[in-house]
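Please read the structure below before turning to the comments.
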Amino acid sequence: MSRIIRRRRRTFSRRGGTGKKVLLTLLFLLIAAAGATGFILFETEKPQLTLEKTISYLGGPVELPFTITDQKSGIKQIVITLEQNGGILQLFNKSFPRQAWLTQAGPKKITEKVTLDLTRAGAREGKADLVITVRDFSLNGLLKGNSSITRLPVTIDTRPPHVTIKHAQKYIKPGSSGIVVYEVSEPTEHHGVMIDSTFFQGYPLNGSDTTFIAYIALPWDAVKPESTRVVAKDQAGNIGKAVFSMRFKKAKEKKDRINVSDGFLNKKLPEFQEHYPEMKGTKLEQYIYVNTTIRKLNAQQIAKTCSTPVSEQLWHDRFLRMPGAGKAGYADQRTYYYQGRPVDHQTHLGMDIASTARVGIKAANRGKVIFADYLGIYGNMVILDHGQGLASLYSHLSSIETEVGKIVEKDELIAHSGATGLAGGDHLHFSILINGIFVTPVEWWDRHWIKTNIQNFITKIK
């Protein structure tokens, strides 16, 4: 009997020891889990703020782009305030709801573009601090979370720059050009002329820091502008304006008929199939694709090429016209006929001049070569940047005798005429562009027009 009792005691003792071990293990796991949870919930890593641009001035609408990251508990709140003379003005406050407790309680990355406008905020002119405070979802810091504070010294300026118009084009019509000369009272972030929704960048006139010139134009199909003004935006976002008026004249419309033959299609389509293998369908369908879709793509490319002109004036006096017979004019309304029926309609945006085959093509004025390659309906083409938004275009060339980046002088050989692109025979297609807008070259060939509309004001206004 005693042996049985001793065995039972040893069994109970073993069971009790095992139970204690299990309890201790569970207790250890609970403590470890609590520690891990606390480590996660009370993490100490601060959110990181990256500013995409530096702001030194505040006043009118100014964009503040930034990116915030917090890889642990996530972003909880973004607050932007202005501190000035002991006062605090809140400009922006954005909070995010908690999505979980242990991980990813808030977004790990936020990209924002906040517009700050102090024109009606009651801030005083002068020095201030722009403060950006970011908090995360950590329970650290007495449950307030980790925070990062970025302090930017700024100058408050709510006064717009003063704009004075010295000269504005008096008369304008579709396809015509002109200039506006104006003064701005202070350094600006950007300035220029707005004709309705189209912006024409201004450039220093004769190297001046306060007087500027903007070349303006209307496209061939323009209607009378409803709004014409000079605008100038300073570093604080304040916008100064000055309104001017122009007398609008309607342009005469000229119609032209183009007959498309099978012989022309057989001759031209292989060239385009080589450059645009996506072309499909019948010969006529392929031709219409070139004359519409490719034409639009080419126009976009030309506008992009002309979008970053040099800031100084490279040209002087009138532009040279190639000797030869005029075959087509600017803004001719072309209707295309195939087998006696109309199949397409386009507008001719230049002047066609024919001389002898492969005649030398010379620069109409001094400029920088910004394009020298093949481009769709234009074939081999050269574009010269004459500065401040003015450019000239030469196309259908058989060969190109210059290269991108070169400064060419007036009357310098740049190419030879040809029939590349959508040309029926050897000739030069010549165009003038203002800020990527095709205008009539006739004005720029005319010495009197140049003098009375541009040069007199360039030399007179200092």
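Kindly indicate the residue of the range 369-389 that is among the small types (Gly, Ala, Ser) and closer than 21 Å to Glu312 by Cβ and also surrounded by the fewest Cβ atoms within 10 Å (Cβ to Cβ) among those meeting that condition.
Of everything passing the filter in the range 369-389, Gly387 is surrounded by the fewest Cβ atoms within 10 Å (Cβ to Cβ).
Is it the case that some residue within the range 245-257 is out of contact with any Leu (no Cβ under 6 Å at 6 or more places or on another chain), farther than 23 Å from His191 by Cβ and surrounded by 15 or more Cβ atoms within 10 Å (Cβ to Cβ)? Break it down into steps so the answer makes sense when it comes.
Going residue by residue through the range 245-257, those that are out of contact with any Leu (no Cβ under 6 Å at 6 or more places or on another chain) are 245-257.
The next check asks that each one be farther than 23 Å from His191 by Cβ; those that pass are 247-257.
Still in the list and also surrounded by 15 or more Cβ atoms within 10 Å (Cβ to Cβ): 248, 251.
Yes: one or more hits.
For Lys460, all conditions in the list (1) at pLDDT below 95; (2) closer than 24 Å to Ile302 by Cβ hold save one; what is the number of the exception?
So Lys460 meets the others, but not (2).
So which of Gly126, Gly106, Gly122 is over 30 Å from His190 (Cα atoms) and among the small types (Gly, Ala, Ser)? Give the steps one after another, and end with the answer.
Numbers: Gly126 fails: over 30 Å from His190 (Cα atoms); Gly122 fails: over 30 Å from His190 (Cα atoms).
One residue alone meets the criteria, Gly106.
Assess whether Gly126 counts as being within 34 Å of the chain's Cα centre (by Cα) and over 22 Å from Leu152 (Cα atoms).
When the stated conditions are applied, Gly126 does not pass them.
Taking the stated definitions as given, is Gly424 under 29 Å from Thr292 (Cα atoms) and touching a helix residue (DSSP H, G or I) at 6+ places or on another chain (Cβ under 7 Å)?
Criteria met by Gly424.
Of the conditions (1) closer than 27 Å to Ala217 by Cα; (2) over 32 Å from the mean Cα position of the chain (by Cα), His386 clears all except one; give me its number.
Unmet for His386, out of (1) closer than 27 Å to Ala217 by Cα; (2) over 32 Å from the mean Cα position of the chain (by Cα): (2).
Which of the residues that make up the range 366-416 are in a loop (DSSP other than H, G, I, E, B), free of Cβ contacts under 8 Å to residues at least 60 places away in the same chain and on the phi < 0 side of the Ramachandran plot?
If the condition is that a residue be in a loop (DSSP other than H, G, I, E, B), free of Cβ contacts under 8 Å to residues at least 60 places away in the same chain and on the phi < 0 side of the Ramachandran plot, then Arg366, Glu401, Thr402, Glu403, Val404, Lys406, Glu409, Glu412 are the ones that fit.
Looking at (1) within 31 Å of the chain's Cα centre (by Cα); (2) over 18 Å from Gln313 (Cα atoms); (3) surrounded by fewer than 16 Cβ atoms within 10 Å (Cβ to Cβ), find the lone condition where Leu422 falls short.
(3)
Between residues in the range 253-267 that are touching a residue at least 40 places away in the same chain (Cβ under 8 Å) and residues that are polar (S, T, N, Q), which pairs lie under 8 Å by C-beta distance while being six or more apart or on different chains?
These pairs meet every condition: Glu253/Gln333; Lys254/Gln333; Lys255/Gln333; Lys255/Thr335; Asp256/Gln333; Asp256/Thr335; Arg257/Thr335; Ile258/Thr335.
Considering only strands (runs of 3 or more DSSP E) fully contained in the range 151-258, which possess at least 2 residues that are over 23 Å from the mean Cα position of the chain (by Cα)?
By residue number, 163-168, 177-184, 239-243.
I need a count of the residues in the range 124-150 that are closer than 20 Å to Gly59 by Cβ, outside any loop (DSSP other than H, G, I, E, B) and not basic (Lys, Arg). Full working, then the answer.
First, the residues of the range 124-150 that are closer than 20 Å to Gly59 by Cβ: 124-132.
In the following step, the residues that additionally are outside any loop (DSSP other than H, G, I, E, B) were identified as 126-132.
So of that shortlist, the ones also not basic (Lys, Arg) come out as 126, 128-132.
Adding up the residues that qualify gives 6.
Checking the condition closer than 30 Å to Val184 by Cβ and either surrounded by 17 or more Cβ atoms within 10 Å (Cβ to Cβ) or in the same structural domain as Ile377 (by TED's automatic domain parsing) (or both), which residue from Gly281, Gly237, Gly263 passes?
Going through Gly281, Gly237, Gly263 in turn, the sole match is Gly237.
If Thr111 meets every condition in (1) touching a Pro at 6+ places or on another chain (Cβ under 9 Å); (2) hydroxyl-bearing (Ser, Thr, Tyr); (3) more than 30 Å from Ile432 (Cα to Cα); (4) surrounded by 13 or more Cβ atoms within 10 Å (Cβ to Cβ) apart from one, which number is that one?
Condition not satisfied by Thr111: (4).
Within the set of pairs 6 or more residues apart or between chains, which connect a residue that is in the same structural domain as Phe371 (by TED's automatic domain parsing) inside the range 295-314 to a residue that is at pLDDT 95 or above and of a type in the set (Lys, Arg) with Cβ atoms less than 8 Å apart?
Close Cβ pairs satisfying both conditions: Val310/Lys368; Leu314/Arg366; Leu314/Lys368.
Any chance you could count how many residues in the range 120-154 are surrounded by 15 or more Cβ atoms within 10 Å (Cβ to Cβ) and over 21 Å from Thr44 (Cβ atoms)?
7
Return yes or no: is Ile361 touching a Phe, Trp or Tyr at 6+ places or on another chain (Cβ under 6 Å), farther than 22 Å from Trp449 by Cβ and surrounded by 18 or more Cβ atoms within 10 Å (Cβ to Cβ)?
Spelling it out, Ile361 is indeed touching a Phe, Trp or Tyr at 6+ places or on another chain (Cβ under 6 Å), farther than 22 Å from Trp449 by Cβ and surrounded by 18 or more Cβ atoms within 10 Å (Cβ to Cβ).
The values are calculated or read from the model by the stated rules, or taken from the named source; none is laboratory data. This is a predicted model, so every value here is computed, not measured. Every residue, glycine among them, receives a Cβ derived from its backbone with ideal geometry; neighbour counts consider all protein chains shown.
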